[in-house]
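The values are calculated or read from the model by the stated rules, or taken from the named source; none is laboratory data. Just so you know, these numbers come straight off a predicted model, no measurement behind them. All Cβ positions, even for glycine, are placed from backbone atoms using ideal geometry, and neighbour counts span all protein chains on display.
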Amino acid sequence: MLLNGGQRLRTLREALGYRMRDVETASNHIAQRFESEEFAIPPSRLSDIETKGIVPSIFRLYSFAAIYRREYRELLSFYGLELNGIPADIGCGRPQKSHVSETVSNVAQVRMPTQFDPGFSLQKTADLRRVIQQWGTVPMAYLELLSDDRYSYGYIGSEDFTMYPILPPGTFVQVDETKDKVAEGTWRSEFERPIYFVEMRDGYTCCWCSVRRDSIVLQPHPLSPVAVRVLKYPQEAEILGQVVGIAMRLGDWHYSDFQPTPKVRSALPRDVPGQPETGA
């Protein structure tokens, strides 16, 4: 028989030999430390939680986790909440502004490919579903062996068309924080020129950049409806790093939702590498 959340909490309590009064006493100490009665668990409330299906508050669940010496996320799972599932639901929200993503910072386990078809080659385009032979649940702690603190991750907001069409709204970007200086040069194509993740006073954006004395030019893609911006550097804009990887979905964003401001000719046409000068 499957136990409900309260019954599972009771099982933990009895396994540790706690009486209801013991739980009350311990929770009162926690409440005193936080100076909040929200953390206190009187016997009458504990009985309701264990036998009547009452769901404990987030504060009392914290007390249970401390007193029963269990992970908070484990107790949440007693009530059907799996924090590892949050990344699967992030697409339900469509933030309007670009931002640094913290989506997976609290994910403890992930399902990932653990065995590939021996014939799989990175040189050939392939359907990954067909080359993955086995999936498995891997603790995030194990993946720390592959971690690299150089990288952070950003998300292109639904209203940020700065690098459209090569980075449409809804794109996730991997940012190499060690590459936080603008590289100058002659680029053979738009895909070769470095794209930077920039923090401004009013938010974030991805764009091409060039530095001129104490100013930074934030250059959008030529097909973008966004105008060139010239800001004081580094007072008004900071380069967080260079975009080195992307992940995007195709066809599920709507260009018509964006109302661009009219483009104006840049006052510095010759100072923006890669921006053609238009004739009168």
Have a look at Val175, Val198, Val211 and point out the one that is over 26 Å from the mean Cα position of the chain (by Cα), in the same structural domain as Glu159 (by TED's automatic domain parsing), hydrophobic (A, V, I, L, M, F, W, C) and outside any loop (DSSP other than H, G, I, E, B).
-> Val211
Among the residues listed as Arg73, Arg60, the single one being among the basic types (Lys, Arg), touching a Lys or Arg at 6+ places or on another chain (Cβ under 8 Å), under 20 Å from Arg13 (Cα atoms) and not in a loop (DSSP other than H, G, I, E, B) | Arg60
Give the range 83-99 a look and list any residue that's surrounded by fewer than 14 Cβ atoms within 10 Å (Cβ to Cβ) and either in contact with a Leu (Cβ under 7 Å, 6 or more places away or on another chain) or outside any helix (DSSP H, G or I) (or both), or say none.
-> Gly93, Gln96
Identify, please: which residue in the range 1-35 is polar (S, T, N, Q) and under 25 Å from Leu81 (Cβ atoms) and is, among those, surrounded by the most Cβ atoms within 10 Å (Cβ to Cβ)?
-> Ser27
Selection within the range 46-59 - buried (at least 18 other Cβ atoms within 10 Å of the Cβ) and either among the hydroxyl-bearing types (Ser, Thr, Tyr) or under 15 Å from Arg21 (Cα atoms) (or both) | Leu46, Ile49, Glu50
Using the structure shown, decide if Arg213 is under 28 Å from Gly91 (Cβ atoms) and at pLDDT below 95.
-> no
In the range 1-55, the residues that are among the polar types (S, T, N, Q), within 15 Å of Ile67 (Cα to Cα) and either under 38 Å from the mean Cα position of the chain (by Cα) or not assigned by TED's automatic domain parsing to the domain that holds Arg69 (or both) | Thr11, Ser27, Asn28, Gln32
